[in-house]
Amino acid sequence: MNLLIQGGRVIDPSQGIDEVLDMLVENGIVKELGKGLKAPAGAETIDASGLIVTPGLIDMHVHLRDPGLEYKEDIITGTKAAAAGGFTSVACMPNTKPVNDNKAVTSYIIAKAKAEGAVNVFPVGSITQGSRGELLSEMGELKESGCVAVSDDGHPVTNSELMRRALEYAKGMGIMVISHAEDLSLVGTGVMNEGYVSTELGLKGIPWAAEDAATARDVYLAEFTDSPIHIAHVSTKGSLRIIRNAKARGVKVTCETAPHYFSLTDDAVRGYDTNAKMNPPLRTADDVTAVKEALKDGTIDAIATDHAPHHIDEKDVEFNEALNGIVGLETSLTLSLKLVEEGVLTLPVLVEKMAYNPAKILGIDRGTLKPGSVADITVIDPNATWTVDADKLASKSKNSPFLGWEMKGAAALTIVGGKVVYRRG
């Protein structure tokens, strides 16, 4: 499909562009950016006046649950949700059933995504076999099969020597290690953030030290081995302080946070709402402020959803028994746009954290609108108003703490390889 996108505010951090331009797409490739471009015969013309045109958004942390847990989500529904949220690429975590620790599972994910997915899917392999934290996976095989990173997300690598070796091997193979930073001995049987609200509700708390201690260990291991590391779903002011200081020392550390960590506090758990149960847990107002400050000063490199779908039967239970996680693909963009409205980020910096930086961290050829690049494009309507309605979510699961929220801003068009895969309305 050939497209001419006319008169949109084009924002591309990779080129330092932020101006009203036209964009010509031919044969799935960005052909030209400029003013007054003409559509070739047969091309679809899209009027983007008043809209924002960006490189396709990239969510570097999702759980598609496929293979093995398709009753929660699968590659078809998960990528449809991604497209509806404005994402053209997602990186899927390995805690499937079986765990993605080998070529067969990786190949299955890539083949199914290519055949039936709405957006690009980049698999993440496991650091350890079966994510059991005992033996390293065959990282070379995983990379050759198409994995863009390795992680035991959902489980920390508790053995420090094993994590050291993982960083060393991954460095030699040129693949990123994504850390799930959590000290399980401090978590214990905790189910929410430890503090005033947990005490009031009578729920066992998880101290901030559980995240901070594990973050510190992994940062120091990265420094010791001179290896890059990416810290997932950062939620505490202490972890952010550790990462900020490490970056100042030249440690090769990057990190992400998720929209729920700058949009909600542990107050959302009141009423024992299991849709507000996640890991790491929602933190305090001070932590939310720290996350916003870290987004602003560049300590946080990326915004990712940690999209974690669960069947209603796994959430409609006693709080202590409910599984951790929320769906986030379809609410991430609008919640992140609030950061621009609040003056925390500029639009170009937001695009950097949702497209350009994730591509750099994962080492994938995306996140840019440079002529000659793959035409993965997100067109955003910053003034669209909508309500988060479970019945209208594309995701198979509906476990969101934002149900009923009035939202402003949404993807108007999602374009993958020059093909429109989502059109609002």
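The values are calculated or read from the model by the stated rules, or taken from the named source; none is laboratory data. Quick caveat, the model's predicted, so the values are computed rather than measured. Backbone-built Cβ (ideal geometry, glycine too); neighbour counts: all protein chains shown. We work out accessible area using only protein heavy atoms, side chains counted, and drop any ligands, DNA or RNA first. Shrake-Rupley method; radii C 1.70, N 1.55, O 1.52, S 1.80 Å.
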Report the residue count in the range 13-42 for those that are of a type in the set (S, T, N, Q) and farther than 11 Å from residue 369 by Cβ.
1
Checking the condition surrounded by 20 or more Cβ atoms within 10 Å (Cβ to Cβ) and of a type in the set (Asp, Glu), which residue from 18, 59 passes?
59
Scanning for something assigned to a helix (DSSP H, G or I), at pLDDT 95 or above, crowded, with 24+ Cβ neighbours inside 10 Å and of a type in the set (S, T, N, Q), does the range 314-335 turn up at least one residue?
yes
First in the range 68-91 and farther than 17 Å from residue 415 by Cβ, second anywhere and open to solvent by 10 Å² or more (accessible area, probe 1.4 Å) and aromatic (Phe, Trp, Tyr), Cβ under 8 Å, 6 or more apart
91/122
Taking residue 261 as the residue in question, decide whether it is buried (at least 22 other Cβ atoms within 10 Å of the Cβ) and within 29 Å of residue 356 (Cα to Cα).
yes
Would you mind telling me which numbered condition in (1) closer than 17 Å to residue 344 by Cβ; (2) crowded, with 19+ Cβ neighbours inside 10 Å residue 230 fails?
(1)
Does any residue of the range 199-213 turn out to be buried (at least 22 other Cβ atoms within 10 Å of the Cβ), of a type outside the set (A, V, I, L, M) and within 19 Å of residue 302 (Cβ to Cβ)?
yes
Could you go through the range 93-103 and let me know if any residue there is basic (Lys, Arg), surrounded by fewer than 18 Cβ atoms within 10 Å (Cβ to Cβ), more than 21 Å from residue 228 (Cβ to Cβ) and touching a residue at least 40 places away in the same chain (Cβ under 8 Å).
yes
If you scan the range 261-292, which residues turn out to be assigned to a helix (DSSP H, G or I), of a type in the set (Gly, Ala, Ser) and either in contact with a Lys or Arg (Cβ under 6 Å, 6 or more places away or on another chain) or closer than 19 Å to residue 202 by Cβ (or both)?
268, 276, 290
